[in-house]
Amino acid sequence: MKKRISIVDVARLANTSTTSVSRIINDTGYPVSEDVRKRVLKAVEDLKFTPSISAQQLRQDFSQMIGLIARDIAAEFFGEIAKGATERAMELGCLSFICNTGREASNEFKFHELLWRNRVRGVVLIGGGYDTEEYRLMMQRQLERANHFGFRIVTNTPQGFDMPSVTIDHKEAFNRLTEYLISKNHRTIALITADKRVYTSREHRDGFEQALKNHDLPVFDNLIRFHSFTEQGGYISCKEIMQQNPRPTAICCGCDPVALGVLRAINELGLSVPQDISIVSFGNTSVASHLYPALTSIDVPRYRMGAMAVEMILTDMYEKQTNIILPTNLIERESVRFLEVSCAS
């Protein structure tokens, strides 16, 4: 009787370990040198080795679990998306794992790998991608797995790749916020958002600048700050901006926590909102309506974004409609005043 070729035979011929062979033939994504990879693939071909788990079997081997990778689960914006995702997953008979990266890209790499090894049916990405070589390579690897094995990835925020998504138009939202300030006669407007490498921040800037240019208004580079989607980021950036010339009459904030930091900085400077400076924000989390003055903010259907992302993973929506843009609304409150012509910059 002819002996069945095993992984041990492949490892022996390729002069490597069975662990390395397993990683390569199962496409785990674990780093393996190109030389070892070539030797293993040649040994597989020479021995006509057939893995016991084929790609088709891997498609059927996914667990009844999905993973949620969030930038900061403590942030209400992300938390509401995760709530929608986990509750909809439960309704569809699937367990959810929430992975909190703490806004560290290196943690995201680890979570992607762990979720893949645990054969989750799919992953929801909650938080914008990074424009770095390392991040692009990691995402490309994951998308290749998705295409090859039927693993599903859906994002709620821009990742820098054309991929399945349930999101909102961030550029349009910041265009609308800036247009609103312009309609209130503001002409010198600042923007505070997150790290310039984050794709979401770039869309914020693009929408902001487009609105100014549409009205032939100047874009002051010294009034644009890239920091972080945190209260501290808003506080530090506002302190810097208020020392610039010209001084803005309004600030467009990348999220409600940033606006909270901005408000604190303005109060410390002995100024008030909206009498001395107006503020608009994005997210419309609970803090927006409870601040004094209450924030004018873009309302985002966060719960629905999470729920629909899970539906896309667990139903045939993934095959039928892969890019869904949900509408947003501008909620007008008390943080903006109409600027009299005589006072305009």
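Annotations
- Principal semi-axes of the equivalent ellipsoid, √(5λ) from the alpha carbon gyration tensor of the chain, are 49, 20, 15 Å from largest down.
- Efficiency of FRET from Cβ geometry, N323 and L47, R₀ 41 Å, rounded to 0.05: 0.40
- The chain - charge dipole about Cα centre, Lys and Arg +1 at Cβ, Asp and Glu -1, debye rounded to 20: 1360 debye
- When you restrict to C-alpha pairs under 8 Å that are six or more residues apart and normalise by the size of the chain, the relative contact order lands at 17 percent.
- Around E45: net Lys/Arg minus Asp/Glu count, Cβ-Cβ under 14 Å: +3
- In a DSSP loop and with at most 14 other Cβ atoms within 10 Å, the trypsin sites (Lys or Arg not before Pro) in region 138-229 are K196.
- Between D131 and E91, the contour length at 0.36 nm per residue exceeds the alpha carbon distance by 10.9 nm.
- Greater than 22 Å apart at Cα, pairs in K110/K171; K171/K213; K184/K213; K171/K196: K110/K171
- Region 267-345 and region 121-144 have their alpha-carbon centroids 26 Å apart.
- From its DSSP helices (H runs of at least four residues, each -39,500 (n - 2.57)), the chain gives a residue-normalised ellipticity at 222 nm of -14000 deg cm²/dmol.
- Charges were assigned to the Cβ only: +1 to each Lys and Arg, -1 to each Asp and Glu. The resulting dipole of region 186-345 about its Cα centre is roughly 220 debye.
- Amide H contacts under 5 Å for G122, placed H, 5+ residues apart: G67, R152
- For C99, the residues whose modelled amide H falls within less than 5 Å of its own, excluding neighbours fewer than 5 places apart on the same chain, are L68, I69, A70.
- For T230, neighbours were defined as the other residues whose beta-carbon sits under 13 Å from its Cβ, and their charges (Lys and Arg +1, Asp and Glu -1) total -1.
- Local electrostatic count at I313 - Lys and Arg +1, Asp and Glu -1, tallied over other residues with Cβ under 9 Å: +1
A short reminder: the numbers here are calculations on the coordinates, not readings from a lab. Given the structure is predicted, the values throughout are model-derived calculations rather than measurements. For neighbour counting, all protein chains shown are included, and Cβ atoms are generated from backbone atoms with ideal geometry for every residue, glycine included.
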